[in-house]
1. When the stretch 441-481 is examined, which residues are found to be over 24 Å from Ala198 (Cβ atoms) and of a type in the set (Lys, Arg)?
2. Is it true that some residue in the stretch 311-320 is farther than 25 Å from Ala413 by Cβ and either buried (at least 24 other Cβ atoms within 10 Å of the Cβ) or modelled with pLDDT of 95 or more (or both)?
3. Report every pair of residues separated by at least 6 positions or lying on different chains whose Cβ atoms are under 9 Å apart, first residue within the stretch 439-450 and within 10 Å of Thr186 (Cα to Cα) and of a type outside the set (Phe, Trp, Tyr), second part of a helix (DSSP H, G or I) and at pLDDT below 95.
4. So which residues in the stretch 155-179 are farther than 30 Å from Ser543 by Cβ and not in a loop (DSSP other than H, G, I, E, B), if there are any at all?
5. It is to be established whether one or more residues within the stretch 281-288 are modelled with pLDDT of 95 or more and open to solvent by 10 Å² or more (accessible area, probe 1.4 Å).
6. Of the residues His501, His476, which single one is open to solvent by less than 50 Å² (accessible area, probe 1.4 Å) and either at pLDDT below 95 or not in a loop (DSSP other than H, G, I, E, B) (or both)?
7. Suppose we keep only residues that are of a type in the set (Ser, Thr, Tyr) and in contact with a strand residue (DSSP E or B) (Cβ under 7 Å, 6 or more places away or on another chain) within the stretch 332-361. Which one would you say is surrounded by the most Cβ atoms within 10 Å (Cβ to Cβ)?
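The values are calculated or read from the model by the stated rules, or taken from the named source; none is laboratory data. Predicted, not measured: the structure shown is a model, and the values here were computed from it. Cβ placement follows ideal geometry from the backbone for every residue including glycine, while neighbour counts extend to all protein chains displayed. For the accessible areas, the whole protein counts, side chains as well, though only heavy atoms, and no ligand, DNA or RNA atoms are used. Shrake-Rupley method; radii C 1.70, N 1.55, O 1.52, S 1.80 Å.
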Amino acid sequence: MGPVSTTPRRAGVALAALTALFVSGCTGPAERRAAPVPTSAAPADTPTPGASVPAADPAARAVALVGTLADEDLVGQVLMPYAYGDAATRVSPGSAAGNQALGGVDTPAQMVEKYRLGGLILVGFSADDPTKGNQETTNVDNPKQVRALTDGLRGAAARLPAGQAPFLIGTDQEYGVVTRVTDGVTLLPSALAAGAAARPELTEAAWRAAGAELAAMGINLDFAPVADVLATRSTVIGSRSYGADPKVTAGQVAGAVRGLQAAGVAATVKHFPGHGHSAADSHEGLPVLGQPRRTLESGAWPPFSAGIDAGAMAVMSAHLDVRSVDPGTAATFSHKLLTGVLRGQLGFRGVVITDGMNMPPAKRWSPGEAAVRALKAGNDLILMPPHVGKAYDGLLAALRDGSLPRARLVEAATRVLTMKFKLADRPAPELSTLGGPQHRKAVEDLAAAAVTVLRGACGGGVRGPVTVSSSGGRDHTRAALTEALKAAGVEVVAGGGTVVHLVGYGDGAGDLRADAAVTVAMDTPYVLAKAKSPTLLATYSSSQASMTALAGVLAGKTRPEGRSPVRVTGLPATTCRA
């Protein structure tokens, strides 16, 4: 790492030119879209960098703070790496070795201090997680442990020159197959389940509960909701999407953003410009979006616009090659897409965050060069560089040799700090709020509205004792449905009863059961096209709330009101009629 300067370098005129940009973030959607990106000095009433400013003005506070920061602090503010370990200051020898390989430190707290970081992402994965390929460690176990970890990270960050701004702690808590904290929290059904319910007010209420629980654990940035329209049968997006209809998806994204941010957690709509328009996986290569631009404008971008209009503080850029806009360049590194389309056409004024920079499309360059390219394209926060030390040194060197314009770094750091100050002064709820009755009701209402019947009678329940079966590896979910059925008054027997068969993420025709009276899809419902059961249901999710909702339908106590948010060959969206 290069030498640390002891005298802050003031940003001067570049900072003044930024103020109009960040003040525009406090306006309504129409004003935000109309506001041009400033290209000249701001009016005379622009706060002087470093001067006293009103505490209620996040943008002015950010400008003032940036004016006091050294180059090293500015660079640290635009980096959000991961670290090994489940505690801030005490880790296992294996985690210490991992952190040494990432940045020459032993603990997460040391990483924060050495690189003057503005934030850290908490990572982890579950068995069905399609993103697990770049989750090289795990930081999460249970809410109490997560809260202790986040408290420790904030303690380390508070001692930094930028410590007056809240430290960003992010994670991918999408719910469904991508859920980092799974134990001890109220689990929402998947996004696709919410799309089947098609009631944004229920989505908003559920995400408000989710946001409160994240905040209680000390997490203030969620990389959710997914705004991708499921235009293909993408397995990496799948049930993470709200569905194939841009209009329905847009309403759901807006509801999720409003709910999450009402609880004091920044929402990140992702993966711009629309990962659902390719069936390929950016964790393995660079997917190509070959659609005409007009198709993307009408079919992919409306949910991102809806999230922006709902006030989303962040948008995540994707490793996607959009041939109709900037052929051959991943959107992460495309000035045309991030600055031209996202900021210019869609009017976004918040923080643009890269997708994981440890994914193959970003690793074609060194960590330092990739970070510089991403920043110059229009990203403000560099997520999960494969080596935080090399990314830090590369940005600092590019700043000092002029290949990274100082104004671009100042702009990015100011956006990040503005978001932080928007999140400031909100005390974290107590951990005792997790799993509370209001949270459970919000989630159960959403899950109940999602259950869909694609073949068979609309309601009425199953006859006789029930035998629950499933594809391999789903013992926990089978047990959850069994208990929910018993609670609903349905007799469950080990064998010989009416067979209810569960299939989920990754299952195909070979996982179906020919003698099942009822087949239930707990992820994308495409596999139901091959099922022979007289009754076909979809919950789109295997959460406890979804199993409780399914039990209610099987017991004949509730009517399945959902509609499939994606087309299933040979089947209607629902056999129920309003």
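1. Scanning the stretch 441-481 gives Arg463, Arg474, Arg478.
2. yes
3. Taking only residues 6 or more apart or on different chains, the pairs are His439/Thr433.
4. Gly155, Ala156, Ala157
5. no
6. None of the others qualify; the one that does is His501.
7. This residue is Thr332.
Results for (1) of a type in the set (Val, Ile, Thr); (2) touching a residue at least 24 places away in the same chain (Cβ under 8 Å); (3) assigned to a loop (DSSP other than H, G, I, E, B), shown as yes or no for each residue.
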| position | (1), (2), (3) |
| --- | --- |
| Lys270 | no, yes, no |
| Glu297 | no, no, no |
| Ser305 | no, yes, no |
| Gly311 | no, yes, yes |
| His319 | no, yes, yes |
| Thr332 | yes, yes, no |
| Thr339 | yes, yes, no |
